[in-house]
Amino acid sequence: MKVYECKVCNFDSVCFNSARKPQNCLIVILATAPSIRQGHILLRSIFILAAAYALSPFSFAHAEGVFKSKPAGEKKLQISSVFTNDFLGDGDDRWRTGSLDVSATFGGGDLRELPEKAWERYQLRFRGEIISPSNISTPSATDRQYAGVLGLGLFTHFQKNSYDVYYGGELVFVGENTGIGALQRNFHEELDILPPSAAVLNNQIPNATYPTVHGGLSKSFRSERRLIRPFAEVQAGVESFARVGMDIVLGGALIDDFLLRDSVSGQLVSHSKADDSKGFGFLMGADAAYVVDSNYLPNSGTLAFENLRPRARAGVVYQQEKFGLFYGISWLGKEFEAQRSSQVVGSLNINVSF
């Protein structure tokens, strides 16, 4: 993959084809933010990779040429992403304000079916997240601190005794060194939106790296146009909790897809689509986590974290052979004692192939 200046639009572009034909380049909209382009080299590199992966469904068809020797219809590599932001929900810029999850899966045969052994199917996940106080200009002393979060993890997915199982680990980087705060400030300034103040960014969660382990299982009860999927999962590291919940899918889409869960909203998103997954699908779900530790929140005073953390969600997806669009909203319960209210975030996933 090479980054160069597109001769057609003069934007910085990511090219997946050595011929550099305009129709084979994936535009990364960096030119509209010169302050980002002139910023920290590591931050810019991460932003380019995140943007490339986030829009990767648009370019995935070009990568298919690498696999022409594979059996027709068999999927050996899949990339997907989900973008979550409160702008798509209640419209407020606060708390769990924005995130991006990008996943690539490979190994273990056709990606639409789970293997029976661990570490045959791999999921490589990159995620970034912004956590902020409710007022990013003059925050209250009882509100949570700002946190920029980057995570890079490796997981395995397999099926055991009719249960879908996953486990793995990630490194979670928190603090000013992630560059997330500077990125949000520059982005807001470019769009003439109130940026996080120096007081907010100077008081963000300190720089740290947290090794974090995850594990979970789910059981799918399927009919032709219905999926009921109870699940349980645990996490220990940057936050430590146990969670149980259930999702229900109705309609012609998602029923037989390989699904991944967004880390913030809990939304189920199609990662690898089954051949007969077409039309509309409607999702609803809820879960609750019992939290025993959080490095995003000190366990004292008004900032003490809430032990019980509920979520509820609903969404709609429309899928055809070469196109998929998902939008969902998620209600997130209070995470700390002084939090004035719950919040609503929206999630978006677009998948296009040619």
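The values are calculated or read from the model by the stated rules, or taken from the named source; none is laboratory data. All values reported here derive from a predicted model rather than from experimental measurement. Every residue, glycine among them, receives a Cβ derived from its backbone with ideal geometry; neighbour counts consider all protein chains shown.
Miscellaneous remarks
- Subset tally (residues that are surrounded by 15 or more Cβ atoms within 10 Å (Cβ to Cβ), in contact with a strand residue (DSSP E or B) (Cβ under 6 Å, 6 or more places away or on another chain) and of a type in the set (S, T, N, Q)) for segment 299-341: 1
- Each residue in segment 158-198 was checked for being buried (at least 16 other Cβ atoms within 10 Å of the Cβ) and part of a loop (DSSP other than H, G, I, E, B), and 5 pass.
- Residue that is nearest to ILE193 (Cα to Cα), among those in segment 103-149 that are polar (S, T, N, Q) and under 21 Å from the mean Cα position of the chain (by Cα): SER132
- Some residue of segment 307-322 being more than 23 Å from VAL174 (Cβ to Cβ) and polar (S, T, N, Q): yes
- Meets criteria (of a type in the set (S, T, N, Q), within 22 Å of TYR296 (Cβ to Cβ) and assigned by TED's automatic domain parsing to the domain that holds THR105) for THR209: yes
- Residue in segment 142-152 that is touching a Gly at 6+ places or on another chain (Cβ under 9 Å) and on the phi > 0 side of the Ramachandran plot present: no
- Test: PHE221 is surrounded by 13 or more Cβ atoms within 10 Å (Cβ to Cβ) and assigned by TED's automatic domain parsing to the domain that holds THR97: no
- Residue ID - nearest to GLY333 (Cα to Cα), chosen from residues in segment 76-123 that are among the aromatic types (Phe, Trp, Tyr) and without any contact (Cβ under 8 Å) to a residue 60 or more places away in the chain: TYR122
- LEU297 vs. criteria over 22 Å from GLN78 (Cα atoms), touching a Lys or Arg at 6+ places or on another chain (Cβ under 8 Å) and of a type outside the set (D, E, K, R): yes
- Count of segment 199-229 residues which are among the polar types (S, T, N, Q) and in a helix (DSSP H, G or I): 1
- Residue list for segment 60-113, filter: at pLDDT 65 or above and part of a helix (DSSP H, G or I): ASP86, PHE87, LEU88
- Qualifying residue in segment 273-284 (condition: touching a residue at least 12 places away in the same chain (Cβ under 8 Å), closer than 20 Å to GLY98 by Cβ and surrounded by 14 or more Cβ atoms within 10 Å (Cβ to Cβ)): no
Every residue, every condition in (1) within 24 Å of GLN123 (Cα to Cα); (2) modelled with pLDDT under 95, yes or no:
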residue: VAL244; (1), (2): yes, no
residue: VAL249; (1), (2): yes, no
residue: ASP256; (1), (2): yes, yes
residue: VAL264; (1), (2): yes, no
residue: GLN267; (1), (2): yes, no
residue: SER272; (1), (2): yes, yes
residue: GLY279; (1), (2): no, yes
residue: MET284; (1), (2): no, no
residue: ASP287; (1), (2): yes, no
